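Report on one structure; see the data block that follows.
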Amino acid sequence: MSDLMVTKSNALLDASYQLSARAQKLMLCCVAKLNPKDKPKPEMSITASEYAEILGMEMSDDVYRDLHAAADALFDAYISIREDDATMRYRWVQEDAVKHSGEGTVTLMWSNRILRHLHDLNRDFKSYHIKNIANLDTGHAIRLYELLIKFESTGWREMSLEGFKASMGIADKYPSYGELNRRVITPAVKQLNKSSNLTVKLTTKKKGRKIVGLRFDFKVDDQMQLDLEESSTAGRSKSKNLSKMADENTKNLVAKYGKKQA
């Protein structure tokens, strides 16, 4: 599994959006490939082999399919970011991804508005290891991880219920707290506790009998981090040979799916 870092502006971390887990992982893999000190070009390509290596996945037909599905989902998605006392709505990418026939590669064209939150970040930004979200398999869990890791220095974060739903991209869903907790909050917290380097405890905030806010107390669990690293040892050892195997794997995948690509 790769030890690359994801670096984003705090505004992007706190933005409002909803993406599937695989679309978020594709986006984060691409972000992790960037050097935040350099001004990146809007166009970025990623191969199925890179995608698998960064996330510690076995190369298979599923990786190839996931990469294409993630690219399609990213094109369809919007993000709302608070900028200069106004909330602006953008697309993640400027155009549909190019799926290169015969190469096992997709090329994305970042929105210029998104790029400004990914480079030249002298302050108000946060970095984390991409391996810490690699084993999360829902979009809500990945989003909650980012919302919390921004406050790593304090170990807790409080949010209004409306603010939490907005950041998760579900402002118009789950009108009752019971449904929100059952469908979103509890599953996401359980995933973080099981499959990330965070240990999270939730406390609700009430106004009268109504729940109006959430408090997440969390800590970076060093032992969990070690367990995650140990569990990926096999993947890392295989990754040493990944570059040699990549061409052969890609040829096999393309033999099955290449003619169907755009």
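The values are calculated or read from the model by the stated rules, or taken from the named source; none is laboratory data. The shown structure was predicted, so the numbers you read here are calculated from the model rather than taken from an experiment. Quick reminder, even Gly has a Cβ in these numbers, built from the backbone with ideal geometry, and neighbours come from all protein chains shown.
Only one of the numbered conditions (1) surrounded by 18 or more Cβ atoms within 10 Å (Cβ to Cβ); (2) over 30 Å from Lys39 (Cα atoms); (3) of a type outside the set (Val, Ile, Thr) is violated by Ser167, and that is (2). Of all residues in the range 40-66, those that are in contact (Cβ under 8 Å) with a residue 60 or more places away in the chain, out of contact with any helix residue (DSSP H, G or I) (no Cβ under 8 Å at 6 or more places or on another chain) and either of a type outside the set (Asp, Glu) or in a loop (DSSP other than H, G, I, E, B) (or both) total 1.
Out of curiosity, is Gly169 under 18 Å from Lys126 (Cα atoms), assigned by TED's automatic domain parsing to the domain that holds Asp221 and over 13 Å from the mean Cα position of the chain (by Cα)? When the stated conditions are applied, Gly169 does not pass them. Here Tyr174 meets each of (1) in contact with a strand residue (DSSP E or B) (Cβ under 9 Å, 6 or more places away or on another chain); (2) part of a loop (DSSP other than H, G, I, E, B) with one exception, condition (1).
Of a type in the set (Gly, Ala, Ser), crowded, with 21+ Cβ neighbours inside 10 Å and touching a residue at least 12 places away in the same chain (Cβ under 8 Å): does that describe Ala11? Criteria not met by Ala11. Test Leu144 against the stated conditions and say whether it is in a helix (DSSP H, G or I), touching a residue at least 40 places away in the same chain (Cβ under 8 Å) and in contact with a helix residue (DSSP H, G or I) (Cβ under 8 Å, 6 or more places away or on another chain). Yes. Residues that are out of contact with any Phe, Trp or Tyr (no Cβ under 7 Å at 6 or more places or on another chain) and on the phi > 0 side of the Ramachandran plot within the range 79-109 comprise Asp84, Asp85, Gly102, listed in sequence order.
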